Amino acid sequence: MKYADSRRYTGQWCDNKYEGKGTLHSGEGDIYTGHFHLHKRHGDGEQVWSDGRRYEGGWVASKPHGHGTMKYADGSEYEGQYYHGQRQGQGTYTHISGISYSGLWIQNEIPPEEFASGMAFVGSTEIEISQGESFSIELAVLHPSGNVMEGDTGRMLEAQVGLLSVPKGDKSCKIKNEDIGGTTFKTPFGEVKETNIAEVTRNPRLGEYEEMSEKNESPETVSDEKDRGASRAGYDYITLPTPAPTSPIHRTHCGHASWVNVCIPGHDMIEQTLESEDDESDLVEEAKPKAKKKGKNSPATTRKERSATPDSSFQDREKWKKEGPRAERDKDLLKYAAPGTYVIKISDVTDPKFFDSSLEPIYMKLNILKIKKSSNKYLLPKSPVSSRKAG
C-alpha cells in the first residue's frame, strides 16, 4: 500500500492494521522488515535508517526492546539489552577506534563509575639499564576503585621517548647545543628532545651471560692471574642485536598494555669525545708486558734502538685494543642510545576519542649507564673447544 507522504507497506494486515510480517518504507528512506502488531513494529525485526544505522533484534511498540544489535554509521557497534528504545542492562559496545566496553548500561549511557580513571605502570617508575640492554614496559588501565579495568580492550596507547640529560660528571659527552631538528615535548621532569623506540631480538647467549651474572660468575671482573694473562684469547664478544623499527602504538587487552624487549636506538643528540685512558690499567690487565730488569750480561739498548724494535707483546696488546672483543662491543654500542637520563611518556591516542574522553598521560625515567672500556660487559669466557681453535 502506498501513502501520500511516500510511505509504502507490503505485508500482512488485520482489521486494517499492520499485523504479522511485513516491510515498511518511510518517506525519508528508512526501511523496516519484520513483525508488526496493531500497526506498530513489534517482535523480531530489522530497521535500516537513511543515516547509515542498522538495528536487528527485538521490538515493542515500535522501539527496540529486549536483545538487539545496533551498527552505527561510523562503524561502532552495540550488542546487548534494550528497554523501550534505550540501551539498558548488560551490553557490549565496540567503538570504531577499537576500544570495547562490556558491562552495565543505564538509560542509554555507561555509568560514570564504569569509565577508566587513569593508567599506572606495573612495577617501578624508574628503570636503570646498561648501554646496549633492552627493557620492557607494562602498564594497566585502572577502574575508579583502583583495580585493573579488565574490560578495557583496544585502547590505543603511544610510547614516546625523550632525552633529558647526560650522566652527571661525565665530561666525555654533552647534549648538542645546535638545532638538530626533531621535536620536543614537556614532562614533569622538564622538556625533552624526542627520539625513537625500537625492538630487539635477543641473542640467546645474552641469557647465558645473565645467568652467570646472577651466580656472581660474571666475567666483568677477573681475579685469576692466569686468566688475566690469557684475556686476549680467552673471551668472546656476545654480538648485540641490531635495533629494528617498531610501532610506538600498542593497544590494550583486558586492561593491560606492554612493550617487550625494546630499546632506544642510537641518535645524534649527544656529542661524545674520546674517553680518557685513565682506566687503561683495568683493561682486564690486557696482558701488558712487564719491564725486564737488566742483568750484568744484558746488552745495552738505547731509546732509539727500543723505538726501532718495539716489543711484540706491546704491538699485540695495541692490536687487541683496536680489534679485540671489547673493540667489537664498543662499535656495536653505537647502535644504541648513548648513556643518559631519558623520559618515557605513555599517552592515550585513541582516535576518535572514546565517548569524547582520553586518559591522562603517565611518565617514567630510564637511566642508561655507561660501560667503561675496561669492562667485560657482554663478554663470555671461551669454551675449551673454542679456545683450542683460537690457539
| task | Please check which bits of region 113-155 a label hung off ILE106 would reach, taking the label as a point 7 Å along Cα-to-C-beta and the cut-off as backbone N under 13 Å. | result | 113-115
| Projected label distance in nm at SER117 and PHE185, using a 7 Å step from Cα toward the beta-carbon | 2.5 nm
| query | Once the Cβ-Cβ distance between ASP51 and VAL260 is put in as r, and R0 is 56 Å, what FRET efficiency do you end up with, to the nearest 0.05? | reply | 0.85
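Subtract the Cα-Cα distance of ARG8 and LYS174 from 0.36 nm times their separation in residues, and report this length gain in nm to one decimal. Could the numbers behind the result be given before it?
Working: separation 166, 0.36 × 166 = 59.76 nm, distance 7.79 nm.
Once the chain is fully extended between ARG8 and LYS174, it gains 52.0 nm.
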| Hey, which of these cross-link pairs are over 24 Å Cα-Cα: LYS63/LYS353; LYS168/LYS382; LYS193/LYS377; LYS174/LYS365? | LYS63/LYS353; LYS168/LYS382; LYS193/LYS377
| query | Among the chymotrypsin sites (Phe, Trp or Tyr not before Pro) within region 1-37, which fall in a DSSP loop and have no more than 12 other Cβ atoms within 10 Å of their own Cβ? | reply | TYR3
| query | What nm value, rounded to one decimal, do you get for the distance between SER136 and SER358 when each label is placed 7 Å out toward the C-beta? | reply | 2.8 nm
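We did not get these values from a lab; they are worked out from the coordinates using the rules stated. Not measured: the values here are computed from a predicted model. Quick reminder, even Gly has a Cβ in these numbers, built from the backbone with ideal geometry, and neighbours come from all protein chains shown.
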